[in-house]
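As structure tokens, the structure follows; a few thoughts come after it.
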Amino acid sequence: MTKVVCPRCNNNCSDKFYRFGFDNHGHQKYQCQECFSQFAPKTLSKGGDKRGPNKPRKYPSCPKCGKATFLHHDYEFYSNLRCWDKSCNHSFYVPKPQSIPEPSQLDIDGKVDFSNMRHSLHTVIRALYLYFINGSSTRGVSQFLIDCEGIKVSHVTIADWTKKFAPLFLYISRYLKPIDLDSSDEWHVDETVIKIKGKRFYAWTVIDAETRFVLAFHLSPYRDSQAAFKVLNYAKKHFGQPHSIVTDRYWAYNAPIKVLFPNSNHIRVESFQDDISNNLIESFFQIFKSWVKQRRGFASFQSANKLIAVFVFAFNFVRTSNVLNQSTPAQVAGINYSNRNRTFWLLHSNNAA
């Protein structure tokens, strides 16, 4: 007698099937007592049914029992599947990485080198360093260059430099990204408000706890799970998965972390008295908001996005910290480069050694 196996739930116990008449081909039909599926084994084996034994399953097997699953809910960035076996009834999520857009930090255009510049490379670097590291205004930088260097540069030109070279620093940061942060203990995720032409925008940020390295940021007018999906998907794609992810209690983090980081522990900070807090990323936001305050607002979304991108580059690769023993987050993360490279903003990626 041919062994009967349910094509839906893989039940193979002979005493758990009912004979259920015959199909249109005259073959014996059975009904599974586990999932109540009706099928004819001989028809399936001859390809007379779409559920043939060699037919790949439409959805992934249940990770808990290995049986077939069905689509329970379908969302824009992920699908919710459920096991056919009622005794298992396991529900799990399958992400759609190709459907998740890239964060705003990649939506940057401009110059990728320092060619055809009227002023010297030293002057440009000095101006950018004063603007992003020392927190000086464009007028203050212009006055400094006149008083100390004897070089007359308009504050409008300096403002243009701060945005023009954002793609170059983005390229260098990609080239010099940390080797491996997959074994990191904790990532911290949070968002903060900035104003662009008087309107509220949210800067979503992911930071590694051990190195203080800013893994990803996304500027969005919305404070929802779609924005959280974008920034967390980028961090996962480039830096792997940590053991734990620390957030506040905001609902928008629940679905992205559950879908994209199923093996990571999601720690929701309940109050300031908790053993684990989100103070690390709050300290970063304190530096960030202090720098934003000096800017007196942003003129447009594109301008804000470029300036924040360069600020994040300066924070990761140029700004040293007492907490990190006078090292930059990038150096702590395992990227080796000299102080000369750091001072001159790693202008040539092939000099980073």
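The values are calculated or read from the model by the stated rules, or taken from the named source; none is laboratory data. In this text the structure is predicted, and so the values were computed from the model without any measurement. Because the Cβ atoms are built from the backbone with ideal geometry, glycine has one as well, and the counts that use them run over all protein chains shown.
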Tell me, which residue of the range 223-238 that is among the basic types (Lys, Arg) and assigned to a helix (DSSP H, G or I) is farthest from Lys258 (Cα to Cα)? Lys237
Would you confirm whether or not the range 267-281 contains a residue that is within 30 Å of Ser79 (Cβ to Cβ), in a loop (DSSP other than H, G, I, E, B) and either more than 20 Å from the chain's Cα centre (by Cα) or not polar (S, T, N, Q) (or both)? yes
Lone unmet requirement of (1) closer than 21 Å to Ser104 by Cα; (2) at pLDDT below 90 for Phe285: (2)
Would you say Gln241 is surrounded by 15 or more Cβ atoms within 10 Å (Cβ to Cβ), part of a helix (DSSP H, G or I), of a type in the set (S, T, N, Q) and in the same structural domain as Ile196 (by TED's automatic domain parsing)? no
Quick one: which of Tyr234, Tyr202, Tyr250 is surrounded by fewer than 23 Cβ atoms within 10 Å (Cβ to Cβ), closer than 22 Å to Ile100 by Cβ and modelled with pLDDT of 95 or more? Tyr202
If Arg212 satisfies every condition in (1) on the phi > 0 side of the Ramachandran plot; (2) assigned to a helix (DSSP H, G or I) but one, which is the exception? (2)
Candidate set: the range 173-196, residues that are surrounded by fewer than 21 Cβ atoms within 10 Å (Cβ to Cβ) and among the β-branched types (Val, Ile, Thr); chosen: the one modelled with the lowest pLDDT: Ile179
